[in-house]
1. Residues that are within 10 Å of the ligand (Cβ to nearest atom) and either at pLDDT 95 or above or under 18 Å from the mean Cα position of the chain (by Cα) (or both): find the strands (runs of 3 or more DSSP E) completely inside the range 70-177 holding 2 or more of those.
2. Criterion first (out of contact with any Ser or Thr (no Cβ under 8 Å at 6 or more places or on another chain), more than 30 Å from Met146 (Cα to Cα) and touching a residue at least 24 places away in the same chain (Cβ under 8 Å)) does Pro32 satisfy it?
3. Does Gly195 fit the bill of being closer than 29 Å to Val326 by Cα, more than 15 Å from the chain's Cα centre (by Cα) and touching a residue at least 60 places away in the same chain (Cβ under 8 Å)?
4. Just one of the numbered conditions (1) in contact with a helix residue (DSSP H, G or I) (Cβ under 6 Å, 6 or more places away or on another chain); (2) farther than 20 Å from Glu57 by Cβ is not true of Asp103; which one?
5. If you scan the range 37-69, which residues turn out to be more than 12 Å from the ligand (Cβ to nearest atom), in a helix (DSSP H, G or I) and touching a Cys at 6+ places or on another chain (Cβ under 6 Å)?
6. Going by the structure shown, is Glu316 open to solvent by 40 Å² or more (accessible area, probe 1.4 Å), in the same structural domain as Met190 (by TED's automatic domain parsing) and either touching a Lys or Arg at 6+ places or on another chain (Cβ under 7 Å) or in contact (Cβ under 8 Å) with a residue 24 or more places away in the chain (or both)?
7. Hand me the list of helices (runs of 4 or more DSSP H) wholly inside the range 231-312 holding 3 or more residues that are under 26 Å from His145 (Cα atoms), modelled with pLDDT of 95 or more and within 14 Å of the ligand (Cβ to nearest atom).
8. Please determine whether any residue of the range 197-213 is away from the ligand (no atom under 16 Å from the Cβ), part of a helix (DSSP H, G or I), open to solvent by 10 Å² or more (accessible area, probe 1.4 Å) and in the same structural domain as His12 (by TED's automatic domain parsing).
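The values are calculated or read from the model by the stated rules, or taken from the named source; none is laboratory data. What you see is a predicted model, and the numbers here were worked out from it, not measured in a lab. Here the Cβ positions follow ideal geometry from the backbone for every residue, glycine too, while neighbour counts run over all protein chains shown. The area values use the complete protein model at the heavy-atom level, side chains included, leaving out ligands, DNA and RNA. Shrake-Rupley method; radii C 1.70, N 1.55, O 1.52, S 1.80 Å.
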Amino acid sequence: MEWIRGWACVFHEFLFQRFMSSHLPNPLSLPPLSHLTCIVTGSTSGIGRETARQLAEAGAHVVMAVRNTKAAHDLIQQWQRDWSAKGLPLNIEAMELDLLSLDSVVNFSIAWNARLAPLHVLINNAGIFAMGEEQKFSKDGYEQHMQVNHLAPALLSLLLLPSLNRASPSRIINVNSVMHYVGFVDPDDMNVVSGRRKFTSLVGYSGSKLAQVMFSNVLFKRLPLESRISVVCLSPGIVLTNVARDLPRSVQVQYALIPYFIFSPQEGCRSSLFSATDAQIPEHCEKLKTGDKPICTFISQDCKHTKPSEEAQNVETANRVWEKTVELIGLPLDALERLLQGQELAEAGAHVVMAVRNMKAANELIQQWRTKWSASVGTMYDDFVLQSNGIWIAMLSAYCH
Ligand SMILES: NC(=O)c1ccc[n+]([C@@H]2O[C@H](COP(=O)([O-])OP(=O)(O)OC[C@H]3O[C@@H](n4cnc5c(N)ncnc54)[C@H](OP(=O)(O)O)[C@@H]3O)[C@@H](O)[C@H]2O)c1
């Protein structure tokens, strides 16, 4: 029954998205955003590319977190040229991030957190839908849809909590999909390898999107109210992008021939831009937090508040998905609390000075602590600040486990 309702939602979105969003301007008008720093993953193509460009043109400092940095630099150059007659240069840069590698996520987070700069908006946009492809695994050993669409963004969101906390009020925005309505996730078989279900790319994609909503629901519930970090999932609609790159050529042509139904990337990025900038989102999130159920804000393709699927609101499964996710990405179960607490204490001046005469021994200790930390969590490198007249370690004893 739930499955039939899910497919009804998918077809409804496909047939009526243009009608439902007819009230929205295209492009969405944005307020001045020069006070915001935003990371947009997967911004070399499709929805992410439009999102990054429009945020930058509204004045935001935009970080394009991408696996193809050359493509990102080419885009930046082109955007700067196009914009040069209109105003100040865009404040936009590219950093390397490959979601198929958890190490790359850790390295990105280390590099970002090391700036000790606030992060106002993280947009987990990058995603794959390898339509019709056989099951593939990342080098971390995870089914690729699950890794790129859910596990790696989950790790990124957690590791960037110190920077998000620094910018509070801040937001984690997950570009999800109406396809989560037809998804199924078994926390004991996130890789779909047990044989209980047959893997198809549709199973992989929709399951990964459902897992992301469930994880986001629990993440939002666990974040303390005073952190003022909002968590939002959204549906961009059905959008003509490179997401169809794996379809047979003939199907791609048909896909492109139905433009009336399908959004352009400029239309498809409106729910991302709305989620990142609408002033009412934090208030709405706060209201949801006071409810019993773990549930985060879900924004539809027409920029309205809506509910995720019934299954996404299944508290027991969502909690198991949370636990399994944290385990798969190699963090301790209380990582969220530790990362937030660490930030608070570091901001309160918890820099530790190792005042020693044996610098070699101190350096070895630091290396040892770093190794331990990277083995279990791997993100607090940024909080090591080496100074010429001593060694300052913004690391709490809680991390030296
Ligand atoms: N298009 C739709 O109809 C639709 C509907 C619902 C939801 N969505 C969601 O919208 C988001 C954006 O997709 P899109 O439609 O704009 O597709 P797209 O044009 O294919 O863009 C996807 C972006 O993700 C990046 N990416 C893929 N794998 C990556 C990895 N391992 N590491 C880092 N970046 C990676 C791609 O980088 P490269 O350019 O280097 O490949 C690209 O920049 C996805 O999460 C997708 O699931 C799309």
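1. On the way: elements: 92-96, 121-124, 170-175.
Where strands (runs of 3 or more DSSP E) fall fully within the range 70-177 and carry at least 2 residues being within 10 Å of the ligand (Cβ to nearest atom) and either at pLDDT 95 or above or under 18 Å from the mean Cα position of the chain (by Cα) (or both), they are 121-124, 170-175.
2. On the way: out of contact with any Ser or Thr (no Cβ under 8 Å at 6 or more places or on another chain): yes; more than 30 Å from Met146 (Cα to Cα): yes; touching a residue at least 24 places away in the same chain (Cβ under 8 Å): yes.
Taking the combined requirement at face value, the residue satisfies it.
3. no
4. Asp103 satisfies all of (1) in contact with a helix residue (DSSP H, G or I) (Cβ under 6 Å, 6 or more places away or on another chain); (2) farther than 20 Å from Glu57 by Cβ except (1).
5. Of everything in the range 37-69, just one residue is more than 12 Å from the ligand (Cβ to nearest atom), in a helix (DSSP H, G or I) and touching a Cys at 6+ places or on another chain (Cβ under 6 Å), namely Leu55.
6. Details: open to solvent by 40 Å² or more (accessible area, probe 1.4 Å): yes; in the same structural domain as Met190 (by TED's automatic domain parsing): yes; either touching a Lys or Arg at 6+ places or on another chain (Cβ under 7 Å) or in contact (Cβ under 8 Å) with a residue 24 or more places away in the chain (or both): no.
Here the answer is no, as Glu316 does not meet what is asked.
7. Details: elements: 249-256, 265-268, 270-277, 281-289.
Because the criterion is at least 3 residues that are under 26 Å from His145 (Cα atoms), modelled with pLDDT of 95 or more and within 14 Å of the ligand (Cβ to nearest atom), the helices (runs of 4 or more DSSP H) in the range 231-312 that meet it are 265-268, 270-277.
8. Scanning the range 197-213, I find no residue that is away from the ligand (no atom under 16 Å from the Cβ), part of a helix (DSSP H, G or I), open to solvent by 10 Å² or more (accessible area, probe 1.4 Å) and in the same structural domain as His12 (by TED's automatic domain parsing), so the answer is no.
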